[in-house]
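Peer 1: Please find one structure pasted underneath; my questions will follow.
The values are calculated or read from the model by the stated rules, or taken from the named source; none is laboratory data. Here the structure is a predicted model, which is why all the values come from computation and not from measurement. Backbone-built Cβ (ideal geometry, glycine too); neighbour counts: all protein chains shown.
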Amino acid sequence: MFFLLIIVTKLFGQSGYIGIPVDVVPDDKQKHVAATMFLSTAGYAFGYGITKSRKKARIIGFATAMVFGGVKEGLDSRPGGTGFDFKDLGADLIGAAIGTITIDIFTGRRERRDRRRLRV
């Protein structure tokens, strides 16, 4: 679904990485949001597959994305890097939250649908 969003926004001529004009949100921050959305979704799916608990999966998904974002910023702070940026961490936080909340909503819907099927 995430990749479909990117394709659609690119087809309609939006200038930013996730479809927001670059003069509103810089392209680098959009990349941070997109990457952590993907990482949090992947972490959530992994956590839910192991634990079958939406609460634990939320924590795993969010933590996965934030750990990768923190490590990336740590690597940027080394000599020759672009420097540590709290705004990048903020974009990581937003992407991790969006990704985790979105997949949690879809997982909850699937669980409710499966319970209704078992009742019939």
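Peer 1: Anything in the stretch 60-83 that is surrounded by 15 or more Cβ atoms within 10 Å (Cβ to Cβ) and either in contact (Cβ under 8 Å) with a residue 60 or more places away in the chain or of a type outside the set (Ser, Thr, Tyr) (or both)? List them, or say none. Spell out how you get there, then give the answer.
Peer 2: Taking the stretch 60-83 and keeping what is surrounded by 15 or more Cβ atoms within 10 Å (Cβ to Cβ), we get 60-66, 68-69, 72-73.
Across the stretch 60-83, the qualifying residues are 60, 61, 62, 63, 65, 66, 68, 69, 72, 73.
Peer 1: Can you name every residue in the stretch 61-120 that is at pLDDT 85 or above and acidic (Asp, Glu)?
Peer 2: 73, 76, 85, 88, 92, 104
Peer 1: What number of residues within the stretch 65-94 are farther than 16 Å from residue 29 by Cα and touching a helix residue (DSSP H, G or I) at 6+ places or on another chain (Cβ under 8 Å)?
Peer 2: Final tally of qualifying residues: 1.
Peer 1: Further question: Which one of 44, 48 is over 17 Å from residue 34 (Cβ atoms), touching a helix residue (DSSP H, G or I) at 6+ places or on another chain (Cβ under 8 Å) and touching a residue at least 40 places away in the same chain (Cβ under 8 Å)? Let's see the steps before the verdict.
Peer 2: Working: 44 fails: over 17 Å from residue 34 (Cβ atoms).
Unique residue meeting the criteria: 48.
Peer 1: Also, quick follow-up: Considering only the stretch 84-120, state which residues are of a type in the set (A, V, I, L, M, F, W, C) and without any contact (Cβ under 8 Å) to a residue 60 or more places away in the chain. Full working, then the answer.
Peer 2: Here is the first cut: in the stretch 84-120, the ones of a type in the set (A, V, I, L, M, F, W, C) are 84, 86, 89, 91, 93-94, 96-98, 101, 103, 105-106, 118, 120.
Across the stretch 84-120, the qualifying residues are 84, 86, 89, 93, 97, 101, 105, 106, 118, 120.
Peer 1: Can you tell me how many residues in the stretch 74-115 are more than 18 Å from the chain's Cα centre (by Cα), part of a helix (DSSP H, G or I) and among the β-branched types (Val, Ile, Thr)?
Peer 2: Here is the first cut: in the stretch 74-115, the ones more than 18 Å from the chain's Cα centre (by Cα) are 74-85, 109-115.
So of that shortlist, the ones also part of a helix (DSSP H, G or I) come out as 74-76, 109-115.
This time we only want the ones that are among the β-branched types (Val, Ile, Thr), so: none.
Total satisfying the criteria: 0.
Peer 1: Can I ask one more? Could you tell me which residue of the stretch 48-59 is nearest to residue 93 (Cα to Cα), considering only residues that are among the hydrophobic types (A, V, I, L, M, F, W, C) and surrounded by fewer than 21 Cβ atoms within 10 Å (Cβ to Cβ)?
Peer 2: Pass one, the stretch 48-59, residues among the hydrophobic types (A, V, I, L, M, F, W, C): 50, 57, 59.
Filter again for surrounded by fewer than 21 Cβ atoms within 10 Å (Cβ to Cβ), leaving 50, 59.
Working: 50: 24, 59: 13 Å.
Per the stated criteria, the residue is 59.
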